[in-house]
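The values are calculated or read from the model by the stated rules, or taken from the named source; none is laboratory data. This one's a predicted model, so the numbers in the text were calculated from it and none came from an experiment. In this analysis, Cβ positions are derived from the backbone assuming ideal geometry, glycine residues included, and neighbour counts consider all displayed protein chains.
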Ligand SMILES: *Cc1c(COP(=O)(O)O)cnc(C)c1O
């Protein structure tokens, strides 16, 4: 077997066919029926895989290359990042159970808990993302999972994950690690049971693919997630896996550009009168900057700002004046985006009246992006 490599070299070299004359990437092996070599192997159930729901060599090569990012024991691919959150929550849920969800979680997670889990009799408590070791006060005998996300969606709070994981004891901690991309934050190495990824973002990198991954450390939890995945009929097409693997080939290199350009834009924003605050954990002005420095090794291209105005119409004029930034959901692609947002928070109310906008800094020339922002401020004044 080929050696597993790390970093950008791993992106490029892992999970490739190694024998004979061959294409660089694993071929797309699509199949529902998998033919067995002979009837005895079929009847003795001895084959390494039996049906399309078991995946294929296309899937396994990609899963191995993804697992390497966080040194995960196993990876389950899902059709979206959202499924990578809901699948492990369902797999760990128990009758009469209780889940703890960070108040800053990706929005649809909240709708899943308030809808599907609530209908199954599973109660949700949303906790302050800044609670740290005080999470202990929320843990009950029936608590079956704790979901963290750092930085938080839209508002970019950095959670004290080591303190939360320690206080959680035997309760499995799940971390949505989409922002860290498996590169800048390693929750499994901190003791989290599960690291969740929307591969839709930086792994795909081209805004044309939806996929998620559940990475597990502990084998008992991994078995539960695999079993739930099989029984829910969760499988992604081999052609999509091939596309995701193609994205992963360049991920570390793309992230370097997203990171540098986002810092340049964030610092430019900090010097502008139109901006009240820049919510970027890599800036010393961020309230949890020290925790970020301790736990993360870098930053991606996503951050928010709070404008110096509360007038919605001015936001609309600003966003519509932008030529290079699109307005639309998701992020992690090659193109820049600006999305106005109003966070839903229940553990600690969001009382900010000034306008919040989230920026994804793409791979365009950063001088062009800054010139575009500059002209949009002027046009919306
Ligand atoms: C986008 C996103 C998701 C959901 O991913 P989809 O592939 O769009 O379903 C989950 N978590 C975070 C933090 C995200 O930004």
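Odds and ends about this structure:
- Pick from region 341-372, criterion buried (at least 16 other Cβ atoms within 10 Å of the Cβ) and in contact with a strand residue (DSSP E or B) (Cβ under 6 Å, 6 or more places away or on another chain), ranking: farthest from residue 318 (Cα to Cα): 347
- For region 195-215, residues that are over 25 Å from residue 260 (Cβ atoms) and away from the ligand (no atom under 13 Å from the Cβ) total 1.
- When residues in region 110-125 are screened for being exposed (fewer than 14 other Cβ atoms within 10 Å of the Cβ) and within 20 Å of the chain's Cα centre (by Cα), 1 of them pass.
- Residues that are under 24 Å from residue 109 (Cβ atoms) and either within 16 Å of the ligand (Cβ to nearest atom) or modelled with pLDDT under 95 (or both), drawn from region 293-326: 296, 299, 300, 301, 302, 303, 304
- Residue match in region 126-136 (condition: in a strand (DSSP E or B) and either surrounded by 15 or more Cβ atoms within 10 Å (Cβ to Cβ) or at pLDDT 95 or above (or both)): yes
- Selection within region 95-109 - buried (at least 20 other Cβ atoms within 10 Å of the Cβ) and either closer than 20 Å to residue 215 by Cα or within 15 Å of the ligand (Cβ to nearest atom) (or both): 99, 100, 101, 102, 103, 104, 105, 106, 109
- Test: residue in region 50-72 that is more than 25 Å from residue 237 (Cα to Cα), free of Cβ contacts under 8 Å to residues at least 60 places away in the same chain and more than 16 Å from the ligand (Cβ to nearest atom): no
- Scanning region 270-305 for residues that are outside any loop (DSSP other than H, G, I, E, B), touching a helix residue (DSSP H, G or I) at 6+ places or on another chain (Cβ under 8 Å) and farther than 25 Å from residue 160 by Cα turns up just one, 275.
- Number of the condition not met by residue 202 [criteria: (1) over 25 Å from residue 356 (Cα atoms); (2) buried (at least 24 other Cβ atoms within 10 Å of the Cβ)]: (1)
- Flag if residue 219 is at pLDDT below 95 and more than 15 Å from the ligand (Cβ to nearest atom): yes
- Looking only at region 154-167, and only at residues there that are within 16 Å of the chain's Cα centre (by Cα) and more than 17 Å from residue 298 (Cα to Cα), the one that is farthest from the ligand (Cβ to nearest atom): 155
- Number of the condition not met by residue 118 [criteria: (1) in contact with a strand residue (DSSP E or B) (Cβ under 8 Å, 6 or more places away or on another chain); (2) within 16 Å of the ligand (Cβ to nearest atom)]: (2)
- In a residue-by-residue description of region 140-152, the property of being on the phi < 0 side of the Ramachandran plot, away from the ligand (no atom under 12 Å from the Cβ) and out of contact with any strand residue (DSSP E or B) (no Cβ under 6 Å at 6 or more places or on another chain) applies to at least one position.
- Residue within region 78-94 that is outside any helix (DSSP H, G or I), more than 16 Å from the ligand (Cβ to nearest atom) and touching a residue at least 60 places away in the same chain (Cβ under 8 Å) present: no
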